[in-house]
1. Any idea which of (1) open to solvent by less than 100 Å² (accessible area, probe 1.4 Å); (2) out of contact with any Ser or Thr (no Cβ under 6 Å at 6 or more places or on another chain) is the one ARG7 doesn't satisfy?
2. Being out of contact with any Ser or Thr (no Cβ under 8 Å at 6 or more places or on another chain), open to solvent by less than 90 Å² (accessible area, probe 1.4 Å), under 19 Å from MET47 (Cα atoms) and not charged (D, E, K, R) narrows it down to one residue among GLY130, GLY96; which is it?
3. Just give me the residues in the range 10-61 being acidic (Asp, Glu) and on the phi < 0 side of the Ramachandran plot, in sequence order.
4. Take the residues in the range 55-71 that are part of a loop (DSSP other than H, G, I, E, B) and either in contact (Cβ under 8 Å) with a residue 60 or more places away in the chain or touching a helix residue (DSSP H, G or I) at 6+ places or on another chain (Cβ under 8 Å) (or both); name whichever of them is least open to solvent (accessible area, probe 1.4 Å).
5. With the requirement that a residue be crowded, with 16+ Cβ neighbours inside 10 Å, of a type outside the set (Gly, Ala, Ser) and within 21 Å of SER126 (Cα to Cα), what does the range 75-93 give you?
6. Which condition number in (1) in a loop (DSSP other than H, G, I, E, B); (2) free of Cβ contacts under 8 Å to residues at least 12 places away in the same chain is the one that ARG74 fails?
7. Give the residues of the range 91-136 that are touching a Lys or Arg at 6+ places or on another chain (Cβ under 7 Å) and in contact (Cβ under 8 Å) with a residue 40 or more places away in the chain, sorted by residue number.
8. For the range 1-43, give me each residue that is without any contact (Cβ under 8 Å) to a residue 24 or more places away in the chain and within 30 Å of GLU104 (Cβ to Cβ).
Amino acid sequence: MHCPFCRHPDSRVIDSRSTDDGAAIRRRRSCPECGRRFTTQETVLLMVQKRSGVTEPFSRAKIVAGVRRACQGRPVTEDALAVLGQRVEEEIRCRGLAEVPAHEIGLAILGPLQELDEVAYMQFASVYRGFESLADFEEEISRLRAERQSAGVGDEGGE
């Protein structure tokens with residue numbers, strides 16, 4: 001680790017602490033050359049493989065931004081979006097893979113989004129799954145209703 005002050009190519013670790021529930025390690029370091037101290041944070045880099053074959057670092061902010069578009073005009077708070085983003089990231093990281101296909105991330109979003117807001121879920125699912133007709137929407141709505149009935153939850157639309 002290069003010293004950010006004098007660019008010396010080495011440093012000594014003084015203290016290490018786990019942060020973010022073990023997802024990162026914060027290290028306090030000292031430079032043997034100039035004697036100054038600095039802090040570093042280490043995290044495991046999770047990569048996303050896009051359909052085009054390009055890989056890029058995982059971004060919780062991109063998850064939240066995509067879901068925010070689906071939630072536009074819906075009574076969904078920024079806090080709820082942040083929690084959804086965290087849930088999706090935790091699910092993806094629990095898989096233990098260094099590289100995750102973008103498709104898997106989309107699937108990981110669907111469950112928490114359905115719990116958050118069914119209308120936003122339908123908007124996201126219609127784009128993500130490429131709905132092309134009303135029949136696609138009807139099929140998904142039927143699946144949601146059947147799921148709701150098997151869980152013992154009433155239909156709140158008054159239909």
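The values are calculated or read from the model by the stated rules, or taken from the named source; none is laboratory data. In this text, all values refer to a predicted model and were calculated from it rather than measured experimentally. Note: ideal-geometry Cβ built from the backbone for every residue, glycine included; neighbour counts use all protein chains shown. Heavy atoms of the whole protein, side chains included, go into the accessibility calculation; ligands, DNA and RNA do not. Shrake-Rupley method; radii C 1.70, N 1.55, O 1.52, S 1.80 Å.
1. Here ARG7 clears every test but (1).
2. After applying the criteria, what remains is GLY96.
3. Within the range 10-61, ASP10, ASP15, GLU33, GLU42, GLU56 qualify.
4. Across the range 55-71, the extreme among qualifying residues is CYS71.
5. Result: VAL76, LEU81, LEU84, VAL88.
6. Going through (1) in a loop (DSSP other than H, G, I, E, B); (2) free of Cβ contacts under 8 Å to residues at least 12 places away in the same chain one by one, ARG74 breaks only (2).
7. So in the range 91-136, the residues touching a Lys or Arg at 6+ places or on another chain (Cβ under 7 Å) come out as 102, 112, 117, 119-120.
Within the range 91-136, ALA102, ASP117, VAL119, ALA120 meet the criteria.
8. SER18, THR19, ASP20, ASP21, GLY22, ALA24, ILE25, ARG26, GLN41, GLU42, THR43
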